[in-house]
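Some notes on the structure that comes next.
Nothing in this text is a laboratory measurement; each read-out follows from the coordinates by a stated rule. All of these numbers come straight from a predicted model, not from anything done at the bench. As a convention, Cβ positions derive from the backbone with ideal geometry for all residues, glycine included, and neighbour counts pool all protein chains shown.
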Amino acid sequence: MSSIATRTGDDGTTGLLYGQRVPKDHPQIEAVGTFDELNVALGAVKPHLGAADAPLRELILALQQNLVALMGELACAEGDAARYAASKFTKLTADDTARIDAGIAALESKGLKFDGWATPGANARAAALETARVTARRAERRLVSLPAHGRSVRPELVHFINRLADLLWLLAREAESSAAP
């Protein structure tokens with residue numbers, strides 16, 4: 001088995017998907033890293049879910065898989081975008097965003113009560129969801145900054161992350177209003 005420590009990054013660079021090397025603080029790497037943090041933050045919600053929360057657990061897993069696909073797309077150079085689009089890698093689609101929209105509609109139909117700004121921390125589950133939400137908003141800011149740095153971004157990616165942050169906000173409000181630990 002080969003080592004995870006390749007030492008190729010010892011010079012402060014890292015590799016994009018098809019081999020091009022860029023500085024570790026490159027805007028694309030910042031974006032991919034923030035989406036990776038979001039993936040971890042979503043994973044941190046799972047320990048706060050019980051047996052009755054199987055649908056939410058499944059949704060979070062699907063969202064994490066979507067994030068892996070999104071990170072793959074962002075992890076290639078602009079010059080390799082067409083190659084990536086033609087590849088067999090899983091891509092984010094409008095159906096993925098539609099799943100989030102359906103979740104938002106279901107939560108909004110519950111008539112959740114909230115006034116003004118939320119004060120996170122009512123319980124551990126709500127706090128974990130809020131952490132994921134603010135990470136999603138930071139990832140969104142990194143994503144929308146990429147075109148200014150020469151990396152195009154498909155609109156569907158922006159739609160997805162914007163809706164995901166909205167969904168996480170509603171899930172946190174729901175967790176605050178329930179007896180979730």
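Things worth noting here:
- Helix 94-108 vs. the chain, principal-axis angle (Cα, 0 to 90°, nearest 10): 20 degrees
- Amide H contacts of T14 (H built 1.01 Å from N, in plane; Pro and chain starts excluded): V22, K24 sit under 5 Å, all sequence-distant by 5 or more or on other chains.
- Placing +1 on the Cβ of every Lys and Arg and -1 on the Cβ of every Asp and Glu, with no other charges, gives the chain a dipole of roughly 120 debye about its Cα centre.
- Net +/- balance of residues flanking E174 in space, Cβ distance below 15 Å, scoring K and R +1, D and E -1: +1
- Rg/Rh for the range 128-181, where both radii come from Cα atoms and Rh is the Kirkwood radius: 1.13
- Residues within the reach of a label modelled at R57 (point 7 angstrom out along Cα to beta-carbon, backbone nitrogen below 17 Å), restricted to the range 150-181, are 180-181.
- Note on F114 and D10: their simple-model spin labels are 4.9 nm apart, each label 7 Å out from Cα toward Cβ.
- Peptide packing: for 147-153, 77-83, the average count of neighbouring Cβ atoms within 10 Å per residue gives the ranking 77-83, 147-153, highest mean first.
- Rounded to 10°, Cα long-axis angle of helix 54-74 versus longest principal axis of the chain: 20 degrees
- Between helix 124-145 and the chain there is an angle of about 40 degrees, using the helix long axis and the longest principal axis of the Cα atoms.
- Calculated P(r) tail over 16 Å for the range 72-119, as whole % of Cα pairs: 63 percent
- Distance between the range 64-98 and the range 2-61 - C-alpha centres, whole angstrom: 14 Å
- For the range 44-49, 3J(HN,Hα) computed residue by residue from phi via the Karplus equation (6.51, -1.76, 1.60; θ = phi - 60°) reads 6, 6, 4, x, 8, 9 Hz, glycine and proline entered as x.
- A simple packing score, the average count of other Cβ atoms within 10 Å per residue, orders the peptides 161-171, 18-28 as 161-171, 18-28, with the highest score first.
- Since only A126, L146, L112 are under comparison, the one whose Cα sits farthest along the positive direction of the charge dipole of the range 109-168, derived from C-beta charges on Lys, Arg, Asp and Glu, is L146.
- For the range 25-177: Kirkwood Rh in Å [reciprocal of mean 1/r, alpha carbons]: 16.1 Å
- Sum of side-chain charges, P27 neighbourhood, beta-carbon under 12 Å (Lys, Arg +1; Asp, Glu -1): +1
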